[in-house]
Structure formats: structure tokens, C-alpha cells
1. Does any residue in segment 179-193 that is farther than 25 Å from A90 by Cα come within less than 6 Å, Cβ to Cβ, of a residue that is loosely packed, with under 12 Cβ neighbours inside 10 Å and modelled with pLDDT of 65 or more six or more places away or on a different chain, and which pairs are these?
2. Select from segment 144-158 the residues that are part of a strand (DSSP E or B) and touching a Leu at 6+ places or on another chain (Cβ under 6 Å) and list them in ascending order.
3. Which strands (runs of 3 or more DSSP E) sit wholly inside segment 79-133 and have at least 3 residues that are surrounded by 14 or more Cβ atoms within 10 Å (Cβ to Cβ) and of a type outside the set (D, E)?
4. If you go through segment 128-140 one residue at a time, do you hit one that is within 30 Å of L83 (Cα to Cα) and touching a residue at least 60 places away in the same chain (Cβ under 8 Å)?
5. Can you work out which of the residues in segment 167-192 that are in contact with an Asp or Glu (Cβ under 8 Å, 6 or more places away or on another chain) and assigned to a loop (DSSP other than H, G, I, E, B) is modelled with the highest pLDDT?
6. Of a type outside the set (S, T, N, Q), under 13 Å from L181 (Cβ atoms) and loosely packed, with under 14 Cβ neighbours inside 10 Å - does that describe any residue in segment 138-145?
7. If you go through segment 94-108 one residue at a time, do you hit one that is under 15 Å from the mean Cα position of the chain (by Cα) and more than 21 Å from S210 (Cβ to Cβ)?
Amino acid sequence: MKLTALVVAGSALFGALTVSPALAQDAANWTGFYAGAFAGYGGSAWDRETPAYTDNVTSEWRIDGANLGLFGGYNWQRGNLVLGLEAEVATSGVKGDDRDLGGILDGIDVNRSAGLGARIGYAADRNMFYLTAGKAWYKVDQMIDTATLEHDLDGHYVGLGIEHAYSDKILLRGELRQTTLDDFAFDAIANSSGGSYQMHDHTEVRIGASYKF
């Protein structure tokens, strides 16, 4: 419900921002370096499996929350085709737990993340519609009973978005992204017998702005 509300609000905001100044009607030139910031909101389901019950979910819960980040990259334009490379770093408030289901707390708290990927877009006037994909790195806290462990997780992301040249220097964007992280195993800690954690696809909506150099 929260994610749906953010999608609606973000779409309305992005629509309002993409009304360009009257003097900026020429087609945009996307070639060059850019850097900016974004805000996003997303969520996903997590579950834990134990060795004693192969492929049997013993605990399941949802995480969600907002994040803030910085990004930068470079675009090459050839006609209507735009190719680009982009990197990002973010701090996150995405977290959740199973509220002591079965008497043992299971939870995940995402601390920060980074990404490196490519974009391919189609430029039309002052808009650019694009697809993006790349590598993702997450640092998360695993909470189980009274213990907290830190993990570095790898994964990948795919997304689609629209970017608008509000002026020759100011670029606005909206993006829908899906991230998949690798499963990770843990040894017996606290009252747990050990097992593995799995994140189902994390879906996130983002809005951002950047400056083109």
C-alpha cells in the first residue's frame, strides 16, 4: 500500500516537474557527464530456511522503507540512441522482522548499498526513455534472537525509467527498479540452529535530479 501511494505521488510530482521552461523547446543533447541525487521507496519479502527442513520456509517477513543516494555517469548519444554507464551509492532505512514468530526474532536491516550498471535509452525531444541493468552490493544486518551479524551481499538489478531535460543542465528522472540479491547462509547463533536467508525480488520506485556538465 505504501509503495503504491509513493508510485502515485512520485508520478504526479514527476509530471509536474517535466513542464519545461518556454525557452527550452529544442531537442536535448544527452552526451556528457552528469551527477545527482535520488530518493526512493521499496519493499521485498524475506524468508529463512533451516537444514532440518529442506526447502521448507520456517520464517517469512517483509522489509520496506526509504533510501537516499547519489549517482553519476556518462552518456553517449547517436541519433535517438543513448548509451550510458552509471554508478551510485545510497544509505537506507529499509528494514523489517517477523515479530518474534516462533519465539525467535528474524529480521533484516539494510544499511547501505552501491550499484554499477549500464543504460540504453531512446531520446525523443527533451525526454529519454531507458532500460538499465547492473551489479548491486548491499550491506545488511541480520537480526536473529539477541544477536546481530553484518553481511555483504552481491546481486543484480534491472529497471526502466524516463528522464527529462528540464533545461540544458538540469535533468529529472523517475525509475522503477527490481533488485535480486544472492542467498546467504549462517551458522548457529543465539537460539538458532543455522540455515539460509533468501530475499525475494526487491521492488523500488525512485525520483531524482542531476546536473549535466
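The values are calculated or read from the model by the stated rules, or taken from the named source; none is laboratory data. Because the structure is predicted, anything quoted here is derived from the model rather than measured. Because the Cβ atoms are built from the backbone with ideal geometry, glycine has one as well, and the counts that use them run over all protein chains shown.
1. A190/T146
2. L153, G155
3. Per the criteria, 81-92, 106-124.
4. Yes; the residues of segment 128-140 include at least one that is within 30 Å of L83 (Cα to Cα) and touching a residue at least 60 places away in the same chain (Cβ under 8 Å).
5. Within segment 167-192, the match that is modelled with the highest pLDDT is D182.
6. no
7. Checked segment 94-108: at least one residue is under 15 Å from the mean Cα position of the chain (by Cα) and more than 21 Å from S210 (Cβ to Cβ).
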